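The structure appears right after this line, and notes come after that.
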Protein chains: 2
Amino acid sequence: MSRTRLAVVTGLSNASITAIGSELIAQGVLAEGNIADSAGARGRPAVELSFNRRARHAAIIEIDVTRVRCSLVDYAGTLVDRIESPMAPEVLADTPPAMFLFERIDQLLRRNPAEAPSLQHIAVSVQGILDRSGDSLKWSPIAHMSGQSIVEPIRQRYGVASTLVKRGGLLADGARLLYPDLGDQPLAAVFVGSTVAMGLSFPDRLAGPDFGATEFGHMNHIPGGALCRCGQKGCIEAYAADYGVLRTAYAVPEHSPPAPKVPPAAYDELVHLAQTGRRTSMHAFNLAGRAIGFGLSRLMTIAAPAHIVITGPGASAFALMRSEIETALRDSLVCRINGQPTITVHHDEREPIFQGLLASVLGVLDTSVSALHNADAALSGVP
Amino acid sequence: MSRTRLAVVTGLSNASITAIGSELIAQGVLAEGNIADSAGARGRPAVELSFNRRARHAAIIEIDVTRVRCSLVDYAGTLVDRIESPMAPEVLADTPPAMFLFERIDQLLRRNPAEAPSLQHIAVSVQGILDRSGDSLKWSPIAHMSGQSIVEPIRQRYGVASTLVKRGGLLADGARLLYPDLGDQPLAAVFVGSTVAMGLSFPDRLAGPDFGATEFGHMNHIPGGALCRCGQKGCIEAYAADYGVLRTAYAVPEHSPPAPKVPPAAYDELVHLAQTGRRTSMHAFNLAGRAIGFGLSRLMTIAAPAHIVITGPGASAFALMRSEIETALRDSLVCRINGQPTITVHHDEREPIFQGLLASVLGVLDTSVSALHNADAALSGVP
DNA sequence: GCATTTAATTCACTGCTCGAAAAAAGGATT
DNA sequence: AATCCTTTTTTCGAGCAGTGAATTAAATGC
C-alpha cells in the first residue's frame, strides 16, 4: 500500500513512515512500485510500498496421512514452485521423516537456484501432539512420525530456522482469512476426513502449543465406545472419521481394529449411497454427526466460537450430518443463551492450511528482519 | 521493592527507574519506605518503593448463590473494610441487583469517609454468561440476576468505572497465585458446590469474555441424562453439584426438578455418610467424580492444563471422587502422551476468588494511573 | 501556464531511555 | 574519628524513535 495508507493503518505519522520506509528500502526488504488504479486520479500519485519478493524465501511443507506438498514462497507470499507427491502409509517405516523431507526440499532448491540462497525458514504443518521443544511429535496419526527429530536435522542441513506447526490451528487461522467480518470473535475449523481435527483461531492469536490446535478428534464421545486409531475407546474420530463411518455402515463390530487407510473412492461411494437413501449408510453418517455435534456442544462450554467451518473430505457429507450436529448444539446451555454459531462448509481444506502456514511463515520472516535491524543497532554502538 | 530490584525486574535502566519513580512519587501514586531486612547489610541501604495506599481505593463485591461479600481495598491491595451478609435465594425477586448492591456499597462508604472520595472502581464477581457489553448477565445460576443492568447503574450512582468478572476465571487466576512455580503452563480451577464451575488461567492472561471462564458445569456428560438447574439434561453439574449428589444418594429420579437450595449441613452429612461407608452415598459421589472426570478428560483435548485445583464445598469430598476422576483422565489420549495433570485440593474457594478479583482491580487502577499520565501529556501540549 | 489536489519529504523538536560517572549512605577497618 | 569499601541512587550528556508543521513533488483541471 502507499505510504499515506500505511500511516493511517499503522497509526504512525507520515514522517515516520518515510523514515522507516527508506531505511527498509535501503536494506532491500521493501521495494517501491506503482499503484495499479492510480490513473486519472488528481494529485500526486501514490507510490506503492511492497515487500521485496527476492529479499527472502521460505519453504512450506504440508504433510498429510496420504500426501506431501512442498512449496517455495517468496517474501511477498507468492508461490514460486511446488512439489506434490502421494505418501504411502508405510514409507516412513524405512526413511526417517527428516530424510523424507530432505529429498523434497533438495529438489525444490535445485530447481530454483536463484532463490535457494535466500531461503530463511522451513515450516512444516503436522498432525499430532508436539513435544515441549517443538522439535518432534510425541504422537501422530501419521505412521512412523512420532518421536523422530525433524526440526533439528533440517536446521543442521540447511542452516535455517524451522518450525513444526499443528495443522488444526493453521486450518483455523487460514479459515479466518475466508471470513474477514468475524471481528474479534473466535472461529473453529473442523477437519473431517481420515482423521477428525479441530483448530481454534482467536483474533489476537494466542496460538501457543497449549492452545489453538486441539485434539478434538480424540475427545471422548461415548465412554467405552468404538475403538479409535489412537487406541482409546469412544473418541469422536472413531465415529466420524472415514474409517469410523465405514465401520458403522458395514456393521463391523465397533471394537474391531480400525482400517489403516480408507481409499477416497470407498468413502465417496458411501456418501453417494447415503445421499440416495441407503439406510445403513445414512445411519453411519447420523452417528458421525452426532459425535461431532456433541463434541462441538462440549467445546462450546469452554470456548465459544461464533463461527464453525467444516472442511476436509467429510465436508461433502455435511448435509447428511447437519441435523444431528444442529440438534446437539441446540441442546446446549451456551447456544440457548448466546445463540448458535453459524456453520459453513469449505470443501477444500488445503487452501486454508497453506494460507495459515504462509501467514505464520511470513510472520517469522518479519521478525527475522526486525531482529537483524536490532542486531545492527547493537553493533553500531561498538566502535 | 527497591529501585535497583525494580530495574532488574522491569528491564529498565536505573536511570529510568529514578526518573519514573520520582515522577510517580510527585503524583502521589508511589511512596518511599524502608526495606525491612536491610539491617546489618553493607553498602547504602535500599529504599523501598511502594504503592501509595491512599492514592486510590476500590470496592470488590463477590456475589454467590448464598451470600454477598463487599470489600474496600486500597491501592496497595490491603483490605480496609468488609461487609458480609447471607443472601436468601428470593431476595433479588423484589430488589434489582444494582439496588441490592447500592445498600452495601453505601454502607461501606459511610463507614469509611476518609477513603470514599478516592474510590475509583467497583468490581463484581458473578457467575453466569455475560452479555456482550459486560453490563449484565444473560444467564445466571443466581435467581433473578439475569437480564438486569448492573454496571451502568453503579457507574451512574458513584461516577466510577465498574466491571463484572466471571467467578470461574477469577478462581483460576487466584489459584495460580497459590502455585507460582507453574511457569507458563495453563491451570484449571474447578469449583464444586451448589454449582460446578471451572476457570482456566494462562500466564499471559487472555481472559477475554470468550475465554478463561467457562460453562464447564453445563458441559454435557450423558445425553438425555439427569435434569440440571439450567433446564438441560445431562450436564456435569446435574451429577456433581450438591443437589445432584443428594438426588442420586436418595434415589430421587434423575429427571425430577432439582432442589433450589441445599443446606450445607445436608451436604456435609452426605460426605460423612460416604466416608463411613454408606453405599448409596458413596455411589452418588462416584457418579459425581465420573462426571467431573469425563468433563476434565474432554477439556484436556482442547486446553491442557498442567495443574488442576479442586475447590469449593465439594473439595471435602475429593477423596470420594478421586479414583473416578483419575480413571477418566488416564483414559484420554492427551494424558497418555503428555502425562496427567497434577490435581490438588484447596478447600477455601473465597480466598482465591478475592485474590483474583483484587489482582484484576489493581490492574484496572494501574491503567487509570497511566491513562491519567497520558492525558496530562496530551494537555500539556495545548498552551 | 497556473491553480488545485494529493503524496511524500524535510526539519526542528520532544520524550523516553540508556551508560557512565558521580554522589549518597551506610558498615568495616584502623 | 578518619578512611576505605560496598551498594544504592542520582545526575548528566547522548541517542533514538517518533511527531507536527512547513515544504517540496508530481500529477490533473482549466
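The values are calculated or read from the model by the stated rules, or taken from the named source; none is laboratory data. Computed from a prediction, not measured in an experiment: that's the story for all the values here. Reconstructed Cβ throughout: ideal geometry from the backbone, glycine too, with neighbour counts over all protein chains shown.
Values computed for the structure shown
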{"quantity": "Count - residues of segment B:163-175 that are buried (at least 24 other Cβ atoms within 10 Å of the Cβ) and touching a His at 6+ places or on another chain (Cβ under 9 Å)", "calculated": "1"}
{"quantity": "Members of segment B:7-18 that are on the phi < 0 side of the Ramachandran plot and exposed (fewer than 12 other Cβ atoms within 10 Å of the Cβ)", "calculated": "B:Val9, B:Thr10, B:Ser13, B:Ala15"}
{"quantity": "Failed item, numbered, when B:Thr4 is tested on (1) surrounded by fewer than 14 Cβ atoms within 10 Å (Cβ to Cβ); (2) within 7 Å of DNA strand D (Cβ to nearest atom); (3) within 13 Å of B:Asn52 (Cα to Cα)", "calculated": "(3)"}
{"quantity": "Residues of segment A:68-81 that turn out to be out of contact with any Leu (no Cβ under 7 Å at 6 or more places or on another chain) and farther than 12 Å from A:Ser125 by Cα, as a count", "calculated": "4"}
{"quantity": "Residue satisfying condition, being more than 16 Å from DNA strand D (Cβ to nearest atom), within 14 Å of another protein chain (Cβ to nearest Cβ) and touching a strand residue (DSSP E or B) at 6+ places or on another chain (Cβ under 6 Å), within set A:His346, A:His307", "calculated": "A:His307"}
{"quantity": "Condition met for B:Ala240 (away from every other protein chain (no Cβ under 12 Å), closer than 22 Å to A:Ala303 by Cα and either in contact with a Cys (Cβ under 8 Å, 6 or more places away or on another chain) or touching a residue at least 60 places away in the same chain (Cβ under 8 Å) (or both))", "calculated": "yes"}
{"quantity": "Qualifying residue in segment A:80-103 (condition: more than 16 Å from DNA strand D (Cβ to nearest atom), among the β-branched types (Val, Ile, Thr), modelled with pLDDT under 95 and within 30 Å of B:Gly339 (Cα to Cα))", "calculated": "yes"}
{"quantity": "Subset of segment A:106-144 (residues that are β-branched (Val, Ile, Thr) and under 26 Å from A:Thr367 (Cβ atoms))", "calculated": "A:Ile122, A:Val124, A:Val126, A:Ile129"}
{"quantity": "Residue check, B:Gly168 over 15 Å from the mean Cα position of the chain (by Cα), of a type in the set (Gly, Ala, Ser) and outside any strand (DSSP E or B)", "calculated": "no"}
{"quantity": "Among the candidates A:Val271, A:Val190, A:Val245, residue that is at pLDDT 95 or above, surrounded by fewer than 22 Cβ atoms within 10 Å (Cβ to Cβ) and under 16 Å from A:Ile310 (Cβ atoms)", "calculated": "A:Val271"}
{"quantity": "Selected residue (only one of A:Ala284, A:Ala315 is more than 14 Å from chain B (Cβ to nearest Cβ), buried (at least 19 other Cβ atoms within 10 Å of the Cβ) and more than 23 Å from the chain's Cα centre (by Cα))", "calculated": "A:Ala284"}
{"quantity": "Qualifying positions in segment A:3-18 - more than 12 Å from DNA strand C (Cβ to nearest atom) and either small (Gly, Ala, Ser) or farther than 27 Å from A:Ser368 by Cβ (or both)", "calculated": "A:Gly11"}
{"quantity": "Leading residue by the ranking (surrounded by the fewest Cβ atoms within 10 Å (Cβ to Cβ)) among those in segment B:217-227 that are outside any helix (DSSP H, G or I) and within 8 Å of another protein chain (Cβ to nearest Cβ)", "calculated": "B:Pro223"}
{"quantity": "Lone unmet requirement of (1) farther than 19 Å from B:Arg298 by Cα; (2) at pLDDT below 90; (3) crowded, with 24+ Cβ neighbours inside 10 Å for A:Tyr179", "calculated": "(3)"}
{"quantity": "Test: A:Gly21 is exposed (fewer than 12 other Cβ atoms within 10 Å of the Cβ), within 16 Å of DNA strand C (Cβ to nearest atom) and more than 14 Å from chain B (Cβ to nearest Cβ)", "calculated": "no"}
{"quantity": "Qualifying position, being away from DNA strand C (no atom under 16 Å from the Cβ) and in a loop (DSSP other than H, G, I, E, B), among B:Ala76, B:Ala93, B:Ala58, B:Ala123", "calculated": "B:Ala76"}
{"quantity": "Lone unmet requirement of (1) more than 18 Å from B:Arg298 (Cα to Cα); (2) modelled with pLDDT of 95 or more for B:Pro260", "calculated": "(2)"}
{"quantity": "Index of the failed condition, A:Ser149 passing every other in (1) in contact with a strand residue (DSSP E or B) (Cβ under 9 Å, 6 or more places away or on another chain); (2) more than 23 Å from A:Met321 (Cβ to Cβ); (3) of a type in the set (S, T, N, Q)", "calculated": "(1)"}
{"quantity": "Residue match in segment B:29-42 (condition: within 16 Å of DNA strand D (Cβ to nearest atom), assigned to a helix (DSSP H, G or I), modelled with pLDDT of 90 or more and buried (at least 17 other Cβ atoms within 10 Å of the Cβ))", "calculated": "no"}
